[in-house]
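Have a look at the structure below, then the notes.
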Amino acid sequence: MTELRNIEAELARFRRRVLVASLVVLVAFGLVVARLMYLEIVRHEDLAEQAQSNSTALVPIVPTRGLIEDRNGVVLANNYSAYTLEITPSKAGPLEQTIDALAKVVDITARDRKRFKKLLDESKSFESLPIRTRLNDDEVARFAAQRYRFPGVEIKARLFRNYPFGELASHAIGYIGRINQAEKARIDDSDDEANYRGTDYIGKLGIEQSYESQLHGTTGVEEMETSAAGRAVRQLASIPAIPGDTIKLSIDIRLQKLVEDLFGDRRGALVALDPKTGEVLAFVSKPTFDPNMFVDGIDNDNWTALNDSLDKPLLNRALRGTYAPGSTYKPFMAVAALETGKRTPQQTIVDPGYFMFGGHKFRDDKVGGHGTVNMYKSIVESCDTYYYMVANDLGVDTIHDYIKPFGLGQLTGIDIQGEARGLLPSTAWKRAAYRDPAQQKWYAGETISLGIGQGYNHFTMLQLAVATAALADNGLKVRPHLAKEIINPATHHGEPAVRDPVTQLNIKPEYLAVVKNAMVGVNLEGTSAASFRGAAYTSGGKTGTAQVLEIKKNEKYHASKVPERLRDNALFTAFAPADNPKIVLAMVVENAGFGAQAAAPIARRVFDYWLLGQYPSVADIAAVQKAQATAPIGTPRRVQDVPLPPEP
């Protein structure tokens with residue numbers, strides 16, 4: 001009996017164990033089922049994506065950069081394919097040893113090493129950096145045969161930017177260069193991050209910079225199946241890259257070359273534009289530079305040569321160079337005098353050759369004066385005394401308020417970055433510009449020199465061209481632009497780059513007509529008549545000579561005794577044909593003296609080409625260059641005796 005009870009107790013314990021074990025198995029099975037349901041249903045999409053990514057890779061397809069053309073379709077910036085030898089520092093051995101070994105296989109110059117070091121300082125260690133570009137077929141073959149010796153080194157086929165005309169119009173076109181850390185951070189923080197994957201270059205200046213988004217295009221993607229080792233096995237899908245748009249400029253590259261040739265070795269700037277549309281026809285800054293040097297990363301020697309040059313070839317003088325306008329300012333002063341009622345066209349003054357103010361004598365450039373002078377004669381003969389009086393009668397703030405609408409001392413809104421504002425002075429400006437209360441005060445004597453475009457007045461040639469266009473074309477003020485059309489390369493359909501570039505100034509047409517007529521007189525019988533004698537069209541213009549060196553009281557200016565870089569600047573503004581202007585220009589030839597002798601001859605040939613299709617011969621261009629180099633730089637000139645306060 002006891003034995004039977006023991007057996008029953010063992011069976012009961014066994015049944016409990018089986019029950020517990022069954023419950024454990026059931027719970028475990030339930031957990032497994034629940035986990036499977038969670039993974040299969042709740043996490044299905046996420047896990048499927050992870051599984052896919054473990055076996056695929058997304059490779060960016062860099063788009064072909066868009067072309068830049070002139071108004072006639074001449075290509076100014078294009079692309080070509082070439083092989084590069086590149087090192088990924090994180091995968092390569094000691095860099096110096098690697099480069100030394102590579103130099104025994106392909107030619108690596110000191111310039112290549114300097115450029116690579118510069119790129120290395122600006123980049124991350126996992127980025128592939130070029131040590132040599134534009135390898136020929138023999139170099140590619142030699143390296144391929146010894147590829148196994150160089151971990152982290154590979155040959156890549158890349159598209160390179162090319163500027164076929166070199167230095168010509170480089171300040172307008174700009175250039176591209178490798179993306180630096182600051183640019184990469186800016187891209188990473190923008191909506192363009194995905195579009196710049198795989199892209200190493202970006203526009204740095206000019207049209208290349210300002211129209212970067214249109215020129216860059218849209219990056220494509222290849223989905224590749226990869227092995228466990230990360231090697232590409234096959235292509236699964238592909239979204240092709242969309243090439244960048246073509247930017248057609250309003251510049252005529254033949255006109256651009258003509259002007260740059262006419263300047264020769266002289267420093268200066270010229271802006272020519274269509275006064276009805278704002279299209280920039282020529283955008284010249286001399287000296288210039290070769291943008292091709294910057295594409296692969298400029299080496300230190302060339303950078304130092306450009307950056308330290310006294311001629312400042314990297315300075316865009318048309319956009320950022322500000323100059324005292326000299327007598328080219330007088331037509332605008334005349335409009336202000338008419339608008340305010342301070343002068344009528346017939347009203348005259350008697351010019352003794354100076355203007356007395358506060359015991360100081362402001363001298364005219366013509367000793368003995370111009371005699372009886374009305375408004376027409378004041379512009380044609382460029383009478384300083386007339387405008388000393390006008391400036392004194394108007395006052396600095398009235399001058400500011402009536403000149404400002406023309407755009408002088410204001411940003412024009414041109415479609416490239418970096419424009420300088422210049423300076424159109426006023427009492428409010430001076431209070432804000434200086435800290436010393438004594439300097440903040442505007443002195444009446446300072447107003448006098450403003451009338452002849454001296455003193456604090458400083459404008460760009462771009463501003464002077466826009467202002468002259470408004471004066472010449474009945475008060476129509478244009479927004480200048482270098483890009484004419486943005487063209488889709490697939491459809492060849494073009495859209496205007498800039499819309500609504502014209503506004504109307506509120507100036508009486510009869511006042512503009514008076515001043516325009518006087519400017520026509522300048523080219524017919526005035527200071528620039530010699531340059532326009534025999535022209536098949538009628539034009540208007542205004543010469544200017546602006547001092548660079550401040551002359552002390554009671555001293556005279558003798559160009560022969562002044563260092564060349566401190567001599568007067570030669571300026572000229574002009575438009576043609578006079579009755580219906582199709583071209584307007586403003587220009588400065590630095591330290592060249594009289595605008596009539598150094599600047600007006602260039603303007604004549606610009607107009608002959610644009611209006612008549614006459615391109616000067618090599619001999620004619622050489623003659624203009626020689627005349628600039630040998631022309632008188634100015635007779636002894638007396639300046640105002642009131643010393644100007646220093647600029648802020």
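The values are calculated or read from the model by the stated rules, or taken from the named source; none is laboratory data. Remember, predicted model here, so these are calculated numbers, not experimental data. Counting neighbours? That spans all protein chains shown, and the Cβs are built from the backbone with ideal geometry, glycine included. Remember, those area values only see protein heavy atoms, side chains included, never the ligands or the DNA or RNA. Shrake-Rupley method; radii C 1.70, N 1.55, O 1.52, S 1.80 Å.
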Exercise. Mind listing whichever residues of region 167-198 are assigned to a helix (DSSP H, G or I) and touching a residue at least 40 places away in the same chain (Cβ under 8 Å)?
Key: S170, H171, A172, I173, Q181
Quiz item: When you scan region 244-260, how many residues do you find that are out of contact with any strand residue (DSSP E or B) (no Cβ under 8 Å at 6 or more places or on another chain) and either more than 13 Å from Y615 (Cα to Cα) or modelled with pLDDT under 95 (or both)?
Solution: 1
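Working only within region 293-319, note down all residues that are over 22 Å from L566 (Cα atoms) and of a type in the set (A, V, I, L, M).
Taking region 293-319 as the starting set, the residues that turn out to be over 22 Å from L566 (Cα atoms) are 293-305.
Result: M293, V295, I298, A305.
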Quiz item: Residues in region 333-358 that are at pLDDT below 95 and acidic (D, E): how many?
Solution: 1
Practice problem: Could you list all residues from region 390-408 that are farther than 20 Å from P275 by Cβ and either among the polar types (S, T, N, Q) or touching a strand residue (DSSP E or B) at 6+ places or on another chain (Cβ under 6 Å) (or both)? | Solution: N392, T398
Quiz item: Looking at (1) open to solvent by 70 Å² or more (accessible area, probe 1.4 Å); (2) under 28 Å from the mean Cα position of the chain (by Cα), which is the only condition R161 fails?
Solution: (1)
Practice problem: Take region 102-113 and flag every residue that is exposed (fewer than 15 other Cβ atoms within 10 Å of the Cβ) and out of contact with any strand residue (DSSP E or B) (no Cβ under 8 Å at 6 or more places or on another chain). | Solution: K104, T109, A110, R111
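Going by what's in this entry, would D107 be described as closer than 22 Å to S170 by Cβ and either in contact (Cβ under 8 Å) with a residue 12 or more places away in the chain or among the polar types (S, T, N, Q) (or both)? It would help to see each step written out before you state the result.
Numbers: closer than 22 Å to S170 by Cβ: no; either in contact (Cβ under 8 Å) with a residue 12 or more places away in the chain or among the polar types (S, T, N, Q) (or both): yes.
Taking the combined requirement at face value, the residue does not satisfy it.
Do the conditions hold for R132, that is, is it at pLDDT 85 or above and either farther than 30 Å from A185 by Cβ or surrounded by fewer than 16 Cβ atoms within 10 Å (Cβ to Cβ) (or both)? I'd like the intermediate steps shown before the answer.
Working: at pLDDT 85 or above: yes; either farther than 30 Å from A185 by Cβ or surrounded by fewer than 16 Cβ atoms within 10 Å (Cβ to Cβ) (or both): no.
No; evaluated as a whole, the condition is false for this residue.
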Practice problem: Could you please let me know if L394 is surrounded by 15 or more Cβ atoms within 10 Å (Cβ to Cβ), in contact with a Gly (Cβ under 9 Å, 6 or more places away or on another chain) and either of a type in the set (S, T, Y) or closer than 20 Å to T573 by Cα (or both)? | Solution: no
Quiz prompt | Checklist (1) out of contact with any Pro (no Cβ under 7 Å at 6 or more places or on another chain); (2) open to solvent by less than 20 Å² (accessible area, probe 1.4 Å) applied to I173, failing item | solution = (1)
Quiz prompt | Selection count, region 576-613, where residues are assigned to a strand (DSSP E or B) and surrounded by fewer than 22 Cβ atoms within 10 Å (Cβ to Cβ) | solution = 0
Quiz item: Of all residues in region 188-207, which are open to solvent by less than 20 Å² (accessible area, probe 1.4 Å) and either among the aliphatic types (A, V, I, L, M) or in contact with a Lys or Arg (Cβ under 8 Å, 6 or more places away or on another chain) (or both)?
Solution: I202, I207
Exercise. Would you be able to say whether some residue in region 427-446 is touching a Leu at 6+ places or on another chain (Cβ under 6 Å) and open to solvent by less than 10 Å² (accessible area, probe 1.4 Å)?
Key: no
Self-check item: Neighbours by Cβ (under 9 Å, 6+ apart or cross-chain): first from region 7-26, of a type in the set (F, W, Y); second surrounded by 10 or more Cβ atoms within 10 Å (Cβ to Cβ)
Solution: none
